[in-house]
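Below is one structure, written out as structure tokens; the observations come after it.
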Amino acid sequence: MSFVDNLNPVLMHLGPLQIHWYGVMYALSFIIGYYLICHLAQKRGAPLDRDGVTELVLYLIGGVLFGGRLGYVLFYNLPYYLHHPGAIVAVWDGGMSFHGGMIGVIMAGLLFSRKTGIRFLSLAELVVPVVPLGLLLGRLGNFINGELWGRPSNVAWAMIFPRAPLVHGMMAPRHPSQLYEAGLEGLVLFTVLWIMAQKRWPEGVLLGTFLTFYGLSRCFVELFREPDPQLGLICGVISMGQILSIPMIFIGIGVIVRALCRQRSTPEYLPTANASHTANGAPGPGAHCG
């Protein structure tokens with residue numbers, strides 16, 4: 001008998017306010033991410049004190065939220081939002097794109113790099129190992145919400161998702177693709193990158209590894225995930241998630257090859273002077289996270 005995903009997406013009620021598990025997962029990912037970035041910054045001697053890491057995380061939060069929502073609008077449901085532009089801001093109704101969020105994070109990192117003078121790739125060495133943890137928590141949130149379910153299947157661990165479309169008038173067992181993604185893009189990738197982050201690699205190797213591993217994992221899991229109903233399979237053979245992930249694989253490989261060819265020691269955080277930066281971008285005494 002298949003497990004029915006009837007988990008309550010609401011963690012608690014505070015008067016009229018509902019606290020959703022998905023929002024809690026987002027908050028946890030940024031809170032835990034802050035402390036892990038602090039740890040890596042101290043370990044690597046990065047010129048960021050606690051205020052600097054706080055500002056960096058705020059930049060990243062903005063990039064995730066803005067980029068994730070805009071990416072969903074552009075990549076997954078543009079015709080609908082062109083006819084209902086007011087719904088673009090209704091993030092509480094769902095609709096976030098990882099690939100849009102990634103682009104938003106890259107733009108936020110570039111802005112923070114420009115402000116502080118710390119090279120973008122040096123910042124990436126601090127942020128990239130932490131990202132899969134957010135993916136893990138986010139996919140668990142998707143599972144609790146009973147969304148982003150997999151394709152119908154008769155495997156022993158298939159589950160019933162009550163909100164999924166009926167198959168021949170019946171609720172069909174489906175792949176729990178959210179858990180596949182949580183495992184591959186989340187737990188496994190986090191473990192790989194965190195272990196790699198304990199030693200110094202040529203600058204860019206960690207970023208390239210993340211892009212390549214995520215792209216491969218997402219393309220694989222998409223074989224079991226139900227395509228978005230408004231899109232289906234493009235040309236009947238490939239999903240939008242795969243279309244957006246395939247370039248990540250080649251870009252990631254290119255970044256790794258370039259990094260290894262240059263053989264630059266990681267990280268050299270200060271491109272122009274031997275001075276550290278605080279949150280406001282001004283030279284500081286080199287205080288690190290404690």
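No value in this document is a laboratory result; all are computed from the given coordinates. These numbers come from a predicted model, not from an experiment. So basically every Cβ, Gly included, is an ideal-geometry build from the backbone, and we count neighbours across all protein chains shown.
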- Which label in (i) 53, 38, 37; (ii) 68, 50, 39; (iii) 78, 42, 24 gives the computed Cα extents along the principal axes in Å: (ii)
- Hey, what's the Cα Rg ratio for the stretch 42-180 versus the globular rule of thumb, 2.2 N^0.38 Å? 1.32
- How long is the gain from GLU147 to LEU82 if the chain were fully straight, where each residue apart is worth 0.36 nm and the alpha carbon distance is subtracted? 21.0 nm
- Message: Tell me the relative contact order for the chain as a rounded percent, counting alpha carbon contacts under 8 Å between residues six or more apart.
- Response: 26 percent
- Residue-normalised 222 nm signal for the chain, counting each DSSP H run of n ≥ 4 as -39,500 (n - 2.57), nearest 500 deg cm²/dmol, is -17000 deg cm²/dmol
- Task: Take each uninterrupted DSSP H stretch in the chain, measure its Cα extent along the helix axis, and return the ones at 27 Å or beyond whose mean Kyte-Doolittle hydropathy is at least 0.0.
- Result: 21-44, 50-76, 240-262
- Message: Multiplying the sequence separation of VAL24 and ALA156 by 0.36 nm and subtracting their Cα-Cα distance, what value in nm do you get?
- Response: 44.5 nm
- Query: Which whole-angstrom value gives the distance between the alpha carbon centres of the stretch 212-236 and the stretch 13-42?
  - Reply: 27 Å
- Cβ-placed point charges (K, R +1; D, E -1), dipole of the stretch 49-147 about Cα centre in debye, nearest 20: 180 debye
- Rounded to 5, percent antiparallel among DSSP beta bridges of the chain: 85 percent
- Query: Which distance in Å, rounded to a whole number, links the C-alpha centroids of the stretch 148-165 and the stretch 242-257?
  - Reply: 30 Å
- Mind listing the phi-derived Karplus ³J(HN,Hα) values for the stretch 166-177, rounded to whole Hz, using 6.51, -1.76 and 1.60 with θ = phi - 60°, and x for any glycine or proline? 6, 10, 6, x, 10, 6, 9, x, 9, 4, x, 5
- Message: Can you tell me the length gained on complete extension of the stretch MET107 to LEU166, counting 0.36 nm per residue apart and subtracting the Cα distance?
- Response: 17.2 nm
- Note the per residue figure in Å³ for the convex hull of the C-alpha positions in the stretch 125-229. 95 Å³
- Calculated Rg and Dmax of the stretch 1-117 using C-alpha coordinates, Å: 17.6, 58
- Query: How much FRET efficiency would the formula 1/(1 + (r/R0)^6) give for ARG258 and HIS39, where r is the Cβ-Cβ distance and R0 is 35 Å, rounded to 0.05?
  - Reply: 0.80
